[in-house]
Amino acid sequence: MVLTRAGICKFLQHFFAKLRNFLPFSFVKENVLVSTYLSFITKLNRMRKFLLRKNKKINVVFFVYLFVTISGFLFSNYALGEDKESVISEGYSHEEITRGERFFKGLLPFDRNFESCVSCHNIKPVDTLNWNPSAMDIALKYADKDFAAFEKVILEPSGKKMSEVHKNINIESEDLKTVKIYLDEMAHKGHSKEKINVLWLIGIIFLVLVILWALAELIFVQKIKYKLVPVVFLLGATGWLLMILYQEATNLGRQEAYAPLQPIKFSHEVHAGLNQTDCFYCHHTAEYSKSAGIPSANVCINCHIIVREGTNSGKFEIDKIHYAVDNDIPIEWVRVHNLPDHVFFSHAQHVGAGKLDCKECHGPVEEMNVLRQHADLSMGWCLDCHKTRKVQFVDNDYYKTYKEFHEQIAAGKMDSVTVAQIGGTDCMKCHY
Amino acid sequence: MEKKYYKSIEEYQPIDGSPNNYKNLAKNHIGIDEPVSGSPSSRRDFLKLFGFAIASAAVVSSCEQPVRKAIPYLIKPDAITPGKASYFASTFFDGNDYSSILVKVRDGRPIKIEGNKLSSVTKGGSSARVQASVLSLYDTARYKNPAISGVEAEWEKADAEIIENLKAIKQSNGKIVIVTPTIISPSTLSVIEKFIEEYPATKHIQYDAISANAISLANQSVFGKEVIPSYQFHKAKVIVGFGADFLGTWLMPVEFTKQYSKGRKVGHNKKEMSYHAHFEAGMSLTGSNADKRIVTKNSQQKIVIANLYNEIAKQLGENTIEIPASPVDVHDVAQRLLAHKGESLVVCGSNDKESQVIVNGINYLLGNYGSTLDINSPLNLKKGNDSEMETLTKELNKGEVSGLILYGVNPAYNYQNAKGFLNGLKKADLTVSIPSLKDETAEECKYLCPDHYVLETWNDYEIKPGNYSLSQPAIRPIFNTRAGQETLLKWAGVETEYVELIKSNWKKNIYPSSGFSGSFRDFWNTSLHNGVFEKAVGGNLEINYSKSAIPSGIETESSEGLELELVESVAVGDGRQANNPWLQELPDPTTKVTWDNYASISVRLAEEMGITEGDIISIDKQLSLPVLIQPGQEHKTISVALGYGRTNAGAVAEGVGGNAYPLVQHNRQTRIYSKTGVKVEKVEGEHEFAKTQSHHSMEGRPLIRETTLSEYIEDPASGNEFHEKVKHHATTLYEKRKFEGHHWGMAVDLNSCTGCNACVVACSAENNVPVVGKEQVKLAREMHWMRIDRYYSDDIENPEVVRQPVMCQHCDNAPCENVCPVGATTNSSEGVNQMAYNRCIGTRYCNNNCPYKVRRFNFMDYTQSDAIPLNTYDPAGMTVDLKRMVLNPDVVIRSKGVIEKCSLCIQRIQEKKLDAKLENRQLEDGEIVPACAQTCPADAIVFGDLNNKDSKISKFFADERNYHLLEELHTLPSVGYLTKVRNTEAKATKKKEIKH
C-alpha cells in the first residue's frame, strides 16, 4: 500500500468509524480525529529530523514529547467536546426549546414560588434511586401525546402523591407548552452518551511516565546521585501497573456490585422488605427450574391491578406495567447476575434440592432499592461454598445411593457430608 | 485362523495369504499434505495476523461488559417454564418416513426429537432422518412468503387469484389434478374430498418418489387387496430378503429394526435367534447385517425368487413355475424356510410386480400370512400408483389438464421424466405448488403457497388400521406459511381451522368406536398427550388366495453387460431433506462417505476396467459420478444412491452428488429402480471422497469379537476368551478406585446394533456437535462424538460386515487425563471422563494419547463462539441465527482450539439426578437415557449405574459376552461391548487359542 496522505486519511477514517462502535466513550467526529492524528505524525517527523540534524541521540525529550502528544491526542476527545446537532421538532425554534429548558430548570419564571421541575425530575442519569420519573422518562411518555394531556397531568394530577407535590405549580399555558417542546426535543434526541471516568487513564499514563523517567534517568541522564531513587520509582511504578493489570484481568467479566438502573423503578426494599412478599411469589420457578425467573408481567398485575399508586413513586412507574400489558410490549429488564456461557447453574439445584436461602448468594435484597449484585460470582466463590456446604444427606432420599457414607454416619465416623464429598467439585458438575 | 478384519480395501489381506491386488485401486489417503487455504503462509502473513491479534485484543479488552437484557413474558403460558424443557407428543411423516415422536421444546423452540415409547409401531425408536428433521425446520432456504410468478405476494391476493382461476376452470369443465405424496392422514384426505366436492372435476393422485407400487399391485392380483401388508420381523425365525433394505430405508425401517433386533438378541434366557439370508447386488445396510449374504444381480433376482418358490412348491406338492435354473443355490434357504413354516418371512424390495407376486406365493405356501405378515392390517404407506403419474404427464402435454396443484411433491427433481412433466406443466392454466421445504418444482408453478413444516402444523395419521397418531405444532410458524390443508379448504370455500376439522373427524369417526369411557374432550386430550391412539382392529385372518395369479412361467431379462441399481440413501432418504447439513455430514453406514453420492463398483470390475477409486465414470451418458470401490458389490452391478444432486434445495444440498432419478425406468405398470445393459465409460477428472472410513483406525487389534450361535450355546464366553485372560493378568500398583454414589457405564450390544446411524445424529443434535463440511472431513476433522466403525472380514467379493459404535470409553484409568498439562480433562467422582472446555488450551496431547481416537479437536471456530469473527469456518450456514435456534442451551458450544468428546450426556445425568433430589427419591435404573440410547431403534445401547448391582448395565457387564476395547491396556473403560453372535455354521478354524 502506498502511504499517501489520502490513503492514510481514508484508512484512519474507516478505522475510527469501526473503533467507535467498540469504545465506551464517544469520539468526536472522525475527521477531527484524523487531522489531529496527522498533525501529530507530522510533528513527530519534524522532531525526528530535527534530532537527526542535530546529530543527537534520541533522548528523553523525544519520549516526553511522544507521550505528551499521545495523551493530548487521547484527551482531545474530551477537550474538543461533543458537536451535537440540534434536532428541531416540528418547526419549533431553538429559542422556544431554550425557554422550555429554562422553565424546566427553574430559571423562569422569575417570581417562581413553587419547586422547579428539575428538583424532582433529574435530567442527567443518576446513580442513586430517584423515585420520581426522570425528565427523559416523562419526555418519552408524552412524546407522542398532545399538549392537552400533558397539561392536564401537570396541573390536575390524579394520583395522591403527585397532587400533593404539584399543587403549588402555577405556570402559564404558553410557558408550559415550551416545556413540552423542550421535553419533546429531549425524547427526539435520545440519551446523551455517558462519559467514562478518565481518572484511571491519567493514572496509567502517569505510571508509564514515571517508569520512562526512571529508565531515562538510569540509562541516559544520570543526574540523581543515589541510584536507589529511580530504582525504587521504577520498581514501584512497574509493580503498581502490574497490580492494576492483574486486578483488571481477574475482574474481566465479573460484575460485583453491579447495580444498573432498570426500566421500571422496581424496589426490592419495598416489595421484599416493607411488604414482606415471599421471594418465591414472584420468582416462583426458582425451586424447580434452572432459571429463577424474572416474573412475567401478569404476576405483577396480580397485585397491581388493585395497587395502582406507589407511596414513593406515585403512579408513573406502576403505569408502565399496565402500559406494557395493554400494548403487548415486553418489559426489557437489565440482567444483573450474568454467568459466562460455559457455566451451567441451576436454581433448582441450589434452592430446591440444596435448600439454600436466596440471601446466601444474593445478599440483603430486601434492603436494596436498586438491586445490586452481592457476590462476585467467581469460580473461587462457588468452590469455597461447595467445599464446606453440607448437603441434605439424611433428609433427602436421593442420597441413599451413597451407602458407605450412611454407614459411616451410623458408625459415628462422620456427622455430615459436604457437596465436595459427593463430587461437587467435579468439573462437569457445572461445565458441560 | 483368526478372522482378519479390514476397514478399507487397501487393508485387505486375502485369506490364502496371497498379496492384496486391490491395494492400488484405492486412493484413500488423508490429504493432510495440502494446506486448506492453498497458499503457504509467510512471515508477512504472520506479522499481519500478529498485528490483527493485538489490535483485536485491544479492542475486545477495552469493551465494557455488555448490558444484557432479561425479557420475561408478559403473560407466561402455562406450558412453558423458562429453563425447563417441555415435551410435546407428535408425529413425523413426510411422505416417506414415519415415526411417532416427542418434540423437546425449550423456551418455545424445538431443539430435539425423541422417539415416542407409547407408539406400538415405532416404540420409542427413530431414524437418522427423523432425528435430523428438527434442523430442517430452521432451514434458511424455506419459502418465507407466498409468491405469484416468483414475486412475493400477500396470502389474500394469491387466494383471490387462485379461487378465481379455479372457478373459471370449473365453469369451463376443465380438469384439475392434485398431486400429493402418499397421504396417511384421514383428515387430510377429507380435506381433499371437500375440495373435490367443490370442484368435482378434480383428480387426486398420490405420487411416491420411491415407489413400492409393485407390492400393492401384487397383493391386488393375489389377494384382491391393493395394500402393503404389515410385517412382524420378530415373529420370524427365518428371514429371507431380496434387495429390500428394511433396516435402512424400505417402508418402515424404524419399526422393522425394532422387530428385527428383538428377534436377534440372545441372552441367558434366550439362546436362539432368527436366521437372516439376504440376496442383493450392492452392499446395503440390511445385507451387511445378514447371516448369509448372497450376491445376486438384480436382473436375475426374479429367477432366484421363482426358483425358491419352486423348491418350496415341489416339497409341498404345488405347481411349479417354468424358469431357468437359479444362478445361486437356494436349496439351503428353502430348507430353512420349510423348517419354519408360519415362522418365516420373505420380503422383496423390487418394484417388479411379478417378483412380488411370487414372493406372495412363497409366503402363502409357508403359511406366513397372519403370523409374520398381515394383509388385513396393512401399512398405509406408499399408496402411489405409478401409472397415474405417467398418464398425468401425457395429459398435461396434451393440454387436457387445466389446473395442477402440487402438494408436497417434487417431480421436477425426482420424477424420471421431469422434463416431460415440466413441459406439460407449462400448458396448464393454473399451476400451484404447496411445498414445505424449498424444492425444484415450486418455482416452476405460477402460485407458490408455502406449507408449514411438519413440526409447525396439526395433523393426524393412520399408519395401520386402528393405529392413529397426531401431530401438533411445537412452535409458532416461523415464516408466513399456512397449513396446506387450510389452503385447500380456503379454496374449497370452507372457512375452518384445520385443527377443528381434525377434532370433528375424530369425534365423528374415531371416538365412538374407541371404547374410551370419558368425554370426547378427555379422549382428545389423552390422545394428544400420548401422541397416539391405538385400538385393536381385526383378528381377521381370512385371506383369499388366488392360485392362478402365480404365473406359470416368467420372461427373463438378459443379464448380459453392466447393470445399474438405484438405491435410497440411508442418510438423505429420497432427497427431501438433502439441505440438512447433519444428514449430509452423516457417513454412509457402509461406505463411510459423507457429502457425496457415487457409483459403487466391485473390485473385480474396477480391475477389469482399469478404474481406481475417485475416477469419474459416465453412466449411459446421463450421469457422471465418481467411482467408489465397494467390497461385496456384485461383479457387474453399479449401485448409485438416489436423493443427491439437488439443484434448488438450498446452499447445503446444491452441488452435492448427482441426481440419479432420471435413470429410473418405467415398465410393466411400475417404476423400476434398476437397469440392464448400462453403458459406462471413464471420463476425465478425479474426485476425492470425504470418507471417515479409515480415519481413527485401531490398527487391527481384537476390537471386534464375534462368535456363532452354536458356539455361543455351547459356551456363552466363546469368542471372548481374551476378556478372561486380561482379567486374570491384570495387575496394578494402585489401589482400586472407589466410586461413592454412582458409577456410570454404558454397554453396546453388537448383536443388536445394525449401524443405522440414528444415534450419530441424535448425539449431534443433543450435544451441539458442529458440522465441519466436506473439506474438513477430508482432513479427518469430523467432529461426531460418536462414530460407527465398520469392519469387513473374509473374502473381499462377499465379506462379512460388522459395525461397532465407538464413543469416549470413559476409562477409569484414562491415558488422556495424565498427559493434559492444564488439567482440563479429569475423571469425575462418578466415573465420567470430564472435559472442561474453558480450561483446554489445545495441546492435543490427550488426543494423541487416547487409544480409542474418540477425542475431537476444533481446528476452526465452527460455531462462531469466538469473539474474533475471522476465525469462523461455517461451510453449512450453521451459525446463522435461525439455525442456531436448534442448539441445546444446556450444552455450551465449543470454540476454536479446544478438544471435545462424548460426555455420556452429562446434562441428562444431572437433570435426572436433580429431578430425583427434588422428588426426594433414589434414581431408578433406566431413568437416565443418553441421546444415543434413546433414539436407538435396535435398543442396542444400555446406560446405567454400575454401582447398582441390579441395574441392566451391571447385568450386561457381568455377561460372558461383555468385553472392553483394548482392555489389555488396563484403561478400565466404563463402556462395554457384547460380542456379536452370528447365526452361521461354526467355523472350525476360528477356535484358536489366543496367545498372550
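A few remarks follow.
- For the stretch B:326-340, the criterion of being within 26 Å of B:T670 (Cα to Cα), outside any helix (DSSP H, G or I) and at pLDDT below 90 is met by at least one residue.
- Per-region count, the stretch B:801-813, residues in a loop (DSSP other than H, G, I, E, B), touching a helix residue (DSSP H, G or I) at 6+ places or on another chain (Cβ under 9 Å) and surrounded by fewer than 24 Cβ atoms within 10 Å (Cβ to Cβ): 1
- Residue pairs whose Cβ atoms lie under 6 Å apart, separated by 6 or more positions or on different chains, with the first residue in the stretch B:868-886 and without any contact (Cβ under 8 Å) to a residue 24 or more places away in the chain and the second surrounded by 14 or more Cβ atoms within 10 Å (Cβ to Cβ), are B:T872/B:D861; B:T872/B:Q864; B:T879/B:Q864.
- The helices (runs of 4 or more DSSP H) located wholly in the stretch B:719-794 that include 2 or more residues which are β-branched (V, I, T) and modelled with pLDDT of 90 or more occupy B:758-767.
- Tally, over the stretch A:420-429, of residues that are part of a loop (DSSP other than H, G, I, E, B) and either over 13 Å from A:Y402 (Cα atoms) or of a type in the set (K, R) (or both): 3
- Residues that are at the interface with another protein chain (Cβ under 9 Å from one of its Cβ atoms) and either under 30 Å from B:N838 (Cβ atoms) or assigned to a loop (DSSP other than H, G, I, E, B) (or both), drawn from the stretch A:401-419: A:T401, A:Y402
- Search result, residues across the stretch A:159-176 that are more than 34 Å from the chain's Cα centre (by Cα) and of a type outside the set (A, V, I, L, M, F, W, C): A:K167, A:N168, A:N170, A:E172, A:S173, A:E174, A:D175
- Lone qualifier among B:A660, B:A641, B:A649 - being hydrophobic (A, V, I, L, M, F, W, C) and either surrounded by fewer than 24 Cβ atoms within 10 Å (Cβ to Cβ) or touching a Lys or Arg at 6+ places or on another chain (Cβ under 9 Å) (or both): B:A649
- All of (1) under 16 Å from B:E565 (Cα atoms); (2) in contact (Cβ under 8 Å) with a residue 40 or more places away in the chain; (3) not in a loop (DSSP other than H, G, I, E, B) hold for B:E684 with one exception: (1).
- When B:I362 is tested against the conditions (1) at pLDDT 90 or above; (2) more than 30 Å from B:T320 (Cβ to Cβ), the lone failure is (2).
- Within the stretch B:898-954, if we keep just the residues that are more than 12 Å from chain A (Cβ to nearest Cβ) and of a type in the set (S, T, N, Q), the residue that is farthest from the chain's Cα centre (by Cα) turns out to be B:S954.
- A:A348 meets all of the listed conditions (1) within 8 Å of another protein chain (Cβ to nearest Cβ); (2) without any contact (Cβ under 8 Å) to a residue 60 or more places away in the chain; (3) closer than 30 Å to B:L887 by Cβ; (4) out of contact with any strand residue (DSSP E or B) (no Cβ under 8 Å at 6 or more places or on another chain) but one, namely (2).
- Residues that are more than 20 Å from B:Y791 (Cβ to Cβ) number at least 2 in the following strands (runs of 3 or more DSSP E) confined to the stretch B:235-306: B:238-242, B:275-280.
- When we screen A:S158, A:S134 for residues that are out of contact with any Leu (no Cβ under 6 Å at 6 or more places or on another chain) and crowded, with 17+ Cβ neighbours inside 10 Å, the only hit is A:S134.
- Restricting attention to the stretch A:262-319, the residues that are away from every other protein chain (no Cβ under 14 Å) and in a loop (DSSP other than H, G, I, E, B) total 14.
- Residues being crowded, with 21+ Cβ neighbours inside 10 Å and more than 7 Å from chain A (Cβ to nearest Cβ) - total across the stretch B:887-897: 3
- One residue from A:Y432, A:Y398 being of a type outside the set (D, E), outside any helix (DSSP H, G or I), surrounded by 20 or more Cβ atoms within 10 Å (Cβ to Cβ) and within 12 Å of another protein chain (Cβ to nearest Cβ): A:Y432
- Among (1) facing chain B (nearest Cβ under 8 Å); (2) without any contact (Cβ under 8 Å) to a residue 60 or more places away in the chain; (3) assigned to a helix (DSSP H, G or I), the one test that A:D341 misses: (3)
- Exclusive hit being at pLDDT below 85 and either more than 30 Å from B:K297 (Cβ to Cβ) or not assigned by TED's automatic domain parsing to the domain that holds B:D460 (or both), set B:E534, B:E542, B:E500: B:E542
- Among the residues of the stretch B:213-234, those identified as under 22 Å from B:I672 (Cβ atoms) and either free of Cβ contacts under 8 Å to residues at least 40 places away in the same chain or part of a helix (DSSP H, G or I) (or both) are B:N213, B:A214, B:I215, B:S216, B:L217, B:A218, B:N219, B:Q220, B:S221, B:V222, B:E226.
- Where A:E269 falls short, out of the listed (1) over 30 Å from A:E317 (Cα atoms); (2) at pLDDT 90 or above; (3) among the charged types (D, E, K, R): (1)
- Of all residues in the stretch B:722-738, those that are surrounded by fewer than 10 Cβ atoms within 10 Å (Cβ to Cβ) have Cβ atoms under 9 Å from Cβ atoms of residues that are assigned to a helix (DSSP H, G or I), 6 or more apart or on another chain, in B:K738/A:E404.
- Flag for B:K446 being among the basic types (K, R), under 26 Å from the mean Cα position of the chain (by Cα) and at pLDDT below 95: no
The values are calculated or read from the model by the stated rules, or taken from the named source; none is laboratory data. Given the structure is predicted, the values throughout are model-derived calculations rather than measurements. Counting neighbours? That spans all protein chains shown, and the Cβs are built from the backbone with ideal geometry, glycine included.
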